[in-house]
Amino acid sequence: MKVYACIYTLLAAMTMILGAVISSDVLAEAEPVKVDIKGYKFGPKEVTVKPGQAVTWKNLDSASHTVLVDGKESRRMMKGADFKHMFSTPGSYPYQCGLHSSMKGVINVVGADGAKGSAAHAGHSAGMAMSAAAAPKKAAATEKMPHADPTEKAGNVVSIVDFMRFTPAVLTVKAGTTVVFENHDGSNHIVLIGTVRSPRLRHDSSWSYKFDKPGEYGYICSIHGDRMSGKIIVI
């Protein structure tokens, strides 16, 4: 009996040890990969994760930033704040800061076979980096404005998101480009460019304006004032 008791005890101990090892491996795999935001850069700029694994971005800058990835945009992160997003499908996911378009990075999601997914999937992910608003263009306001042509196809989009924020805050376009301002934040806004004023933009409405001459065009929301501002640079 003593021999059987020793065998049972040994088997139980081995089971506990094996379970602990397996649990530690699972936990290690489930831990999110960390990306620091520092000096207006993402570091590391490119990371690789497994399907079901998350990435956590932490802002170490004194300036605020957002993360625009996989068709979603994080809240505005002040210094010390973080944002976590889980990736479930293999592929390459380019991303950027919604406030500073020069800040870019890539998340590679690699399956068990080492594949990143189809090229079509990677291309779809890259396309979202141009704007947080991926929905089809809404019907523009019909009120007539100088140089405003609501029916003209937009060359660039400025989205109003996260309340009192234009993104991108600075947009560079060529002369003759029509810029579409799309409101997606649930509140009303009015775009004021010099003496040109848009109609009141309610949620999911838009307004177009054509920039004919080179120069820098600062603009604000005439409802919320200078705290909600942006700039169009025409070259």
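For the reader, a short list of remarks on this structure follows.
- Exposure proxy ranking, count of Cβ atoms within 10 Å, fewest first, for 191, 49: 49, 191
- Förster radius 30 Å - calculated FRET efficiency between residue 185 and residue 40, Cβ distance, rounded to 0.05: 0.75
- Our note on the geometry: Cα centres of region 73-99 and region 156-235, 24 Å apart.
- Using R0 = 30 Å, the C-beta based FRET efficiency linking residue 197 and residue 174 works out to 0.80.
- Listed pairs 79/174; 50/231; 50/104; 38/231; 104/231; 41/210 exceeding 28 Å between Cα atoms: 79/174; 50/231; 41/210
- Efficiency of FRET from Cβ geometry, residue 162 and residue 216, R₀ 22 Å, rounded to 0.05: 0.35
Readers should treat all values here as calculations from the given coordinates under stated rules, not as data from a laboratory. Quick caveat, the model's predicted, so the values are computed rather than measured. Virtual Cβ from ideal backbone geometry, glycine too; neighbours counted across all protein chains shown.
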